[in-house]
Amino acid sequence: MTLKYDVVVVGAGPAGSSAARYAALGGCNTLMIEKRQEIGSPVRCGEGIARHFLDDCGIPYENKWVAQEVKGAKIISPAGNVLKIDEKHAGNEVGIVLERDAFDKACAKLAAKAGSEIWVKTTAVGLLKDDGRVTGVRVKRLEEEFNIEADCVVAADGYESQVGRWAGMKTLMKAGDITGTLQYRLTNIEPDPDFPHYCEFFLGTCAPAGYIWVFPKDECTANVGLGISLDRLKNKMDLKMYLDAFCKKDPRMKRAQFLDMVTGGVSTCPPIKETVRDGIAMVGDAARHIDPITGGGIGNGCLAGMILGKVLSEIKERGGTYSKEDLQPYEKGWRAELEETLYRNWMAKNKLVTLSDEDFDKIIATLSTAGIEKLSVHAMLKVIKERHPDLVAKFADMI
Amino acid sequence: MPTELVSLRPNVRDNGLMAIDDMLCMHCGACVGTCPTNAIFLNEVYLTFNEDCTQCGMCVKVCPVGAIDYPHGHKLTQLK
Ligand SMILES: Cc1cc2nc3c(=O)[nH]c(=O)nc-3n(C[C@H](O)[C@H](O)[C@H](O)COP(=O)(O)OP(=O)(O)OC[C@H]3O[C@@H](n4cnc5c(N)ncnc54)[C@H](O)[C@@H]3O)c2cc1C
Ligand code: SF4
Ligand code: SF4
């Protein structure tokens, strides 16, 4: 017996579910496989998402995956200068703090409702190829190992992304474009007037070439995590040292206790050159769709997944072959939505990592008095240019 | 009275190139996506290295909990 589908999606994260949903809606015979035994669990995420992504991707709001809605972002410099930004303009991670396990399941349910099959505890262990073209995946499901043929394989397998590499696509990154992350979910956090109404971002040497986030989950619980660029990590467990030092210093966390611990890798690289080949497309973290400044990738993954699913449907409808050419509308489609921002933010990130604590203090103080509303690289640079010509040299080529 | 450690299940495996501490690993895949030679395979709860590893050490540094080390650098190997 050979199993055969139009589309096999590897990985049931938000990007995979979104691709599976829109492919199935358009009539593709779709299967989504997930290697974990439970979709969405364990959570590997800070869980922040900007509200607009839900509308953009047609995900109906459900209370069960909302932990906390926030008013905006608080950006805190090393000396404690604070910049508050309304959630509408605060980047792709601020608005809703999710229950990511429930959110991922909700996304998978939408895919199922659209007609996609879903298997868990099923790992892709290799790609089937015929004369350079991807023709399916080899999977291990419980004790069985077998082949599944597919007209198109979707690599939505997250940061660890092996499927795309098996097809020969280049997803390797330089140390400076890789961020190691560690997060504690802490409870028994002491009250503070702004808590839990803001997602907080701490800049400076508390997290070299990265930042520390405090995303509230309820009135006494938060995801407290950090990301640090790999080229700044010198020793084993440096991440833990930095995060522990932060928690020790923050008076609110004096009596805080652990609910969980999360680790992971985040890409902060420029957009990659190629995300489709004959019979295969990459999406989400696998395609490095993460924003290089915020490290946010849930929304971008949902969006790119939707674009891909729709393109797969169109190919099915006109009886195409899912060749590299057929898949170009996806390559062009996600680039039209995301590429410019990803590239710009990668450039800006490369500048931000050169700033000192004093620079951050000055910039945050300036931005907060200037009443900047929108956390866009462009808006920030404009203010810095007006008020701090001394700092502008570092950003000259971006203005 | 001195306490005696009766049994210790070995939790560090190595293939001569790299060592993984199974009790520390969170199976997050950060090392897998980082490895420049694709030498790490993670089957959700079981991580292995293959001979493509160049011992570059990127995985050692990116691992947030310090679960990876060189076989001889590992604290438990040193105990032997
Ligand atoms: C600590 C941390 C904090 C973060 N915080 C935020 C945040 O606050 N906001 C935000 O927007 N983003 C955040 N991100 C990034 C965000 O988690 C990702 O961008 C998002 O999960 C990407 O979704 P995805 O569907 O591409 O991949 P994933 O959600 O990673 O899903 C990939 C799935 O594929 C499965 N898989 C992998 N290999 C195989 C295989 N061989 N066979 C079958 N299945 C496989 C995996 O088990 C996984 O379920 C954070 C990341 C980390 C690590
Ligand atoms: S980075 Fe560390 S914790 Fe994560 S899978 Fe690799 S060894 Fe395990
Ligand atoms: S040492 Fe380098 S090559 Fe070897 S497994 Fe780690 S990252 Fe890969």
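No value in this document is a laboratory result; all are computed from the given coordinates. Predicted, not measured: the structure shown is a model, and the values here were computed from it. Here the Cβ is made from the backbone with ideal geometry for all residues, glycine too, and neighbour counts use every protein chain on show.
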* Stretched out fully, how many nm does the piece from A:Asp131 to A:Lys249 gain, at 0.36 nm a residue minus the Cα gap? -> 36.6 nm
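Which net charge results when you count Lys and Arg as +1 and Asp and Glu as -1 among the other residues whose beta-carbon is under 10 Å from that of A:Ala150? Before the final figure, lay out the partial values.
Details: positive: A:Lys4; negative: A:Asp6, A:Glu149, A:Asp151.
Charge balance near A:Ala150 sits at -2.
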* To do: Enumerate the amide H contacts of A:Ile228 below 5 Å, restricted to partners 5 or more residues apart or on another chain; note that Pro and chain-start residues carry no placed amide H.
  => A:Gly180
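For chain A, return all DSSP H helices satisfying: extent of Cα atoms along own axis at least 27 Å; mean Kyte-Doolittle hydropathy at least 0.5. Working shown, then result.
On the way: long enough: A:298-317 (28 Å, 0.73).
Qualifying helices: A:298-317.
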* Structure fact -> Going from the fewest other Cβ atoms within 10 Å to the most, one would list A:Phe195, A:Phe53 as A:Phe195, A:Phe53
* **Quarter of Cα convex hull surface for region A:264-386, i.e. mean projection, nm²** => 9.1 nm²
* **Fewest-first sequence of B:Cys56, A:Cys28 by Cβ atoms within 10 Å of each Cβ** => B:Cys56, A:Cys28
* Viscosity 0.890 mPa s, 25 °C: Kirkwood-radius Stokes-Einstein D of region A:78-147 over Cα pairs, µm²/s -> 147 µm²/s
* Spatially proximal lysines relative to A:Lys140 (Cα-Cα < 26 Å; intrachain offsets below 8 disregarded) -> A:Lys4, A:Lys35, A:Lys105, A:Lys109, A:Lys113, A:Lys121, A:Lys129, A:Lys170
* What are the lysines whose alpha-carbon lies under 23 Å from the alpha-carbon of A:Lys174, with same-chain residues fewer than 8 places away excluded? -> A:Lys234, A:Lys236, A:Lys240, A:Lys273, A:Lys349, A:Lys351, A:Lys394, B:Lys61
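Would you calculate a helix-derived [θ] at 222 nm for chain A, using -39,500 (n - 2.57) for each DSSP H run of n ≥ 4 and dividing by the full residue count, to the nearest 500? Write down the numbers at each step before the final one.
Working: 11 runs with 117 residues, N = 399.
Computed mean residue ellipticity for chain A: -9000 deg cm²/dmol.
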* When only Cα pairs under 8 Å and 6 or more residues apart are kept, what is the percent relative contact order across chain A? -> 22 percent
* Asked: Build a GNM of chain A with springs between Cα atoms under 10 Å: which of A:Cys302, A:Cys247, A:Cys107 gets the top mean-square fluctuation?
  -> A:Cys247
* Structure fact -> quick note, the protein assembly as shown, DSSP beta bridge pairs, % antiparallel (nearest 5) is 75 percent
* What residues from region A:340-356 fall in the zone where the backbone N is under 11 Å from a label point 7 Å along the Cα-to-C-beta line of A:His378? -> A:341
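Find out how many positive minus negative residues lie around A:Gly309, taking Lys and Arg as positive, Asp and Glu as negative, among other residues whose Cβ is under 11 Å from that of A:Gly309. Each step should come with its number before you reach the end.
Details: positive: A:Arg21, A:Lys310, A:Lys316; negative: A:Glu314.
Residues near A:Gly309 contribute +2 overall.
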* To do: Find out how many positive minus negative residues lie around A:Lys349, taking Lys and Arg as positive, Asp and Glu as negative, among other residues whose Cβ is under 11 Å from that of A:Lys349.
  => 0
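Convert 37 °C to kelvin, take the viscosity as 0.692 mPa s, use the Kirkwood radius over C-alpha pairs of region B:12-69 as Rh, and evaluate the Stokes-Einstein diffusion coefficient in µm²/s, rounded to a whole number.
On the way: Rh = 11.0 Å.
Answer, rounded: 299 µm²/s.
Of A:Val8, A:Val383, A:Val43, how do they rank once you tally other Cβ atoms within 10 Å and put the fewest first?
On the way: A:Val8 27, A:Val383 16, A:Val43 20.
Ranked by crowding around the Cβ, least crowded first: A:Val383, A:Val43, A:Val8.
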* To do: Please express the Cα-Cα pair-distance distribution P(r) of region A:118-207 as a list of whole percents, one per 5 Å bin, running from 0 to the bin with the greatest distance.
  => 3, 9, 15, 15, 11, 9, 10, 9, 8, 7, 3, 1, 0
* Asked: Given the C-alpha centroids of region A:267-337 and region A:135-165, what is the distance between them in whole angstrom?
  -> 17 Å
* Give me D for the protein assembly as shown in µm² s⁻¹, whole number, from Stokes-Einstein with Rh from the Kirkwood sum over alpha-carbon pairs, 25 °C and 0.890 mPa s. => 106 µm²/s
